[in-house]
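Colleague: Here you go, one structure.
The values are calculated or read from the model by the stated rules, or taken from the named source; none is laboratory data. All of these numbers come straight from a predicted model, not from anything done at the bench. We place every Cβ from the backbone using ideal geometry, glycine too, and count neighbours over all the protein chains shown.
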């Protein structure tokens, strides 16, 4: 287990709390996940991130994304899809405010979480739209192609072309997907 960052490193501390909350959610330790989320939420509201923000590093927005993703993951784990979808939609909207940079400020397209939640909720048509939009911004994204394939398959639509695109995109991968994000 990694020790926490120093207290004066508020942004790093917030990302550390985000990672721990996600990990605890995936491990099924929801009490620990909620505790980490509570600390992240408090830190996000009280942290002095003005110095980072002033240096063109969108720390405030990044912690807002982290907050919404953890919230969405906790709702997903409780199978409260409506609230999970709402949280993930907020994360997508916040991520869309980030300035363009390579590599991007946030490490993955949050649309992948939204798409997965929509699939879990049975809203296959909306999931299809989310994945198609993602592919406009990230062509040949294997994760989005996989989610798109799932959404098309669930709607009894032909997904053979998407399957071929996914196979090409994923041909050298060393992991098999079961969803559009872990």
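Colleague: Can you tell me which residue among 57, 37, 18 is in a loop (DSSP other than H, G, I, E, B), outside the structural domain of residue 127 (by TED's automatic domain parsing), within 20 Å of the chain's Cα centre (by Cα) and closer than 27 Å to residue 103 by Cβ? Walk me through how you get there before you give the answer.
Modeller: Working: 37 fails: in a loop (DSSP other than H, G, I, E, B); 18 fails: in a loop (DSSP other than H, G, I, E, B).
Result of the check over 57, 37, 18: 57.
Colleague: Tell me which residues, restricted to the range 65-91, are under 12 Å from the mean Cα position of the chain (by Cα) and surrounded by fewer than 20 Cβ atoms within 10 Å (Cβ to Cβ).
Modeller: Across the range 65-91, the qualifying residues are 89, 90.
Colleague: Picking from 41, 33, which residue would you name as being closer than 30 Å to residue 150 by Cβ and surrounded by 14 or more Cβ atoms within 10 Å (Cβ to Cβ)? Don't jump to the end; show me each part of the working.
Modeller: Values: 41 fails: closer than 30 Å to residue 150 by Cβ.
Answer to the selection: 33.
Colleague: Now a separate question. Do we find a residue being at positive phi and assigned by TED's automatic domain parsing to the domain that holds residue 146 anywhere in the range 109-126? Talk me through it step by step, then tell me what you get.
Modeller: Taking the range 109-126 first, the residues at positive phi are 122.
So of that shortlist, the ones also assigned by TED's automatic domain parsing to the domain that holds residue 146 come out as 122.
Scanning the range 109-126, I find at least one residue that is at positive phi and assigned by TED's automatic domain parsing to the domain that holds residue 146, so the answer is yes.
Colleague: Kindly indicate the residue of the range 156-182 that is under 15 Å from residue 116 (Cα atoms) and surrounded by fewer than 17 Cβ atoms within 10 Å (Cβ to Cβ) and also farthest from the chain's Cα centre (by Cα) among those meeting that condition.
Modeller: Of the residues in the range 156-182, the ones under 15 Å from residue 116 (Cα atoms) are 177-182.
Still in the running and surrounded by fewer than 17 Cβ atoms within 10 Å (Cβ to Cβ): 178-179, 182.
Numbers: 178: 16, 179: 12, 182: 9 Å.
So the residue we want is 178.
Colleague: Can you find, within the range 125-156, the residue that is nearest to residue 104 (Cα to Cα) among those that are in contact (Cβ under 8 Å) with a residue 24 or more places away in the chain and not in a helix (DSSP H, G or I)?
Modeller: 138
Colleague: Residue under question is residue 151, and the condition is that it be modelled with pLDDT under 95, surrounded by 14 or more Cβ atoms within 10 Å (Cβ to Cβ) and closer than 22 Å to residue 77 by Cα; does it hold? Explain how you work it out, then say what you get.
Modeller: Values: modelled with pLDDT under 95: no; surrounded by 14 or more Cβ atoms within 10 Å (Cβ to Cβ): yes; closer than 22 Å to residue 77 by Cα: yes.
Criteria not met by residue 151.
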